[in-house]
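Rule-based calculations on the coordinates, nothing more; no lab input. The shown structure was predicted, so the numbers you read here are calculated from the model rather than taken from an experiment. Cβ sites come from the backbone with ideal geometry, for glycine too, and all protein chains shown count toward neighbours.
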Amino acid sequence: MIKLHDLTPPEGSNRRAKRKARGIGGKGGKTAGRGTKGQRARNTVAVGFEGGQMPLTQRVPKWRGFTNPFRVEYQAINLDTIDSMETDEISPESLLASGLVGKGALVKVLGRGEINRAVTVRAHAFSKSAEDAITAAGGSVQIVAKPWGDRRPAHGSFSQHTNR
């Protein structure tokens, strides 16, 4: 019967770590594969570090992606969710009261599922398929004005003149 203290790895599978930087004699001695002098010979330097110069990935925006400061995010509500609600008047306020959207969220109605009754739906945006399905069931759609009006939303300290 094998016991835990009898277990050993197969012969030749574990190799000893190479002992670098042990004087000037033998392999891996003296400079230990780091060349001569300079910052990288003396200690470790972060990958991509360019000596305090602005790194290339920060100088060239296309390489690290782009975040649109004016992105508008909607909370999606599908037709099957609207169909399961008991009311005939559906608005962002009623969706908030039922816990389906967050406070201050912009609501977009999407076309997943079916709707079998006439309802009046008020939301900030509708997909084409959702709008067609609601009107085909005898209901109506009303687009709610966005809180910032017809312009793009303000974003923190950015303005149209900010160099982004």
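So what is the calculated 222 nm ellipticity per residue for the chain, using -39500 (n - 2.57) for each DSSP H run with n of 4 or more, over all residues, to the nearest 500 deg cm²/dmol?
On the way: 5 runs with 29 residues, N = 164.
Helix contribution divided over all residues of the chain: -4000 deg cm²/dmol.
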Of all trypsin sites (Lys or Arg not before Pro) in region 44-153, the ones in DSSP coil with at most 12 other Cβ atoms within 10 Å are 64, 71, 103, 117, 151
Charge dipole of region 1-144 built from unit charges on the beta carbon (Lys, Arg +1; Asp, Glu -1), centred at mean Cα; most positive-end Cα among 126, 56, 23 is 23
Rounded to the nearest 5, the percent of DSSP beta bridges in region 74-143 running antiparallel is 0 percent
One would report the antiparallel percent of DSSP beta bridges in the chain, rounded to the nearest 5, as 5 percent
In order over region 30-36: 3J(HN,Hα) from phi, Karplus 6.51/-1.76/1.60, θ = phi - 60°, whole Hz, x for each Gly or Pro, gives 6, 7, 6, x, 9, x, 10
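So if a site counts as exposed when it's one of the chymotrypsin sites (Phe, Trp or Tyr not before Pro), its DSSP state isn't H, G, I, E or B, and it has at most 15 other Cβ atoms within 10 Å, what's the longest stretch of the chain without one?
Numbers: sites that count: 49, 66, 70, 148.
Free of exposed loop sites, the longest segment is 71-147.
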note: the chain, Cα-Cα separations exceeding 19 Å make up a percent value of 74 percent
In region 1-107, taking the dipole from +1 charges on Lys and Arg beta carbons and -1 charges on Asp and Glu beta carbons about the Cα centre, the listed residue (67, 101, 87) farthest towards the positive end is 67
Per residue, the convex hull enclosing the alpha carbons of region 74-143 has a volume in Å³ of 68 Å³
Listed by chain and number, the residues whose amide H is under 5 Å from that of residue 78, excluding neighbours fewer than 5 places away on the same chain and using placed H, are 110
Ordering 42-48, 9-15 by per-residue average of other C-beta atoms within 10 angstrom, highest first, gives 42-48, 9-15
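What dipole magnitude, in Debye to the nearest 20, does the chain give about its Cα centre under +1 on Lys/Arg Cβ and -1 on Asp/Glu Cβ?
Roughly 2740 debye, rounded to the nearest 20.
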Ranked from fewest to most other Cβ atoms within 10 Å of their own Cβ, 146, 18 fall in the order 18, 146
Treating only Lys and Arg (+1) and Asp and Glu (-1) as charged, each at its beta carbon, one finds that region 74-143 has a dipole about its Cα centre, in Debye to the nearest 20, of 280 debye
Non-local residues with an amide H under 5 Å from the amide H of residue 107, with H modelled 1.01 Å from N and Pro and chain starts lacking one, are 75, 124, 125
Karplus ³J(HN,Hα) for region 5-13 (6.51 cos²θ - 1.76 cosθ + 1.60, θ = phi - 60°; Hz, whole; x = Gly/Pro) runs 6, 8, 6, 9, x, x, 4, x, 7
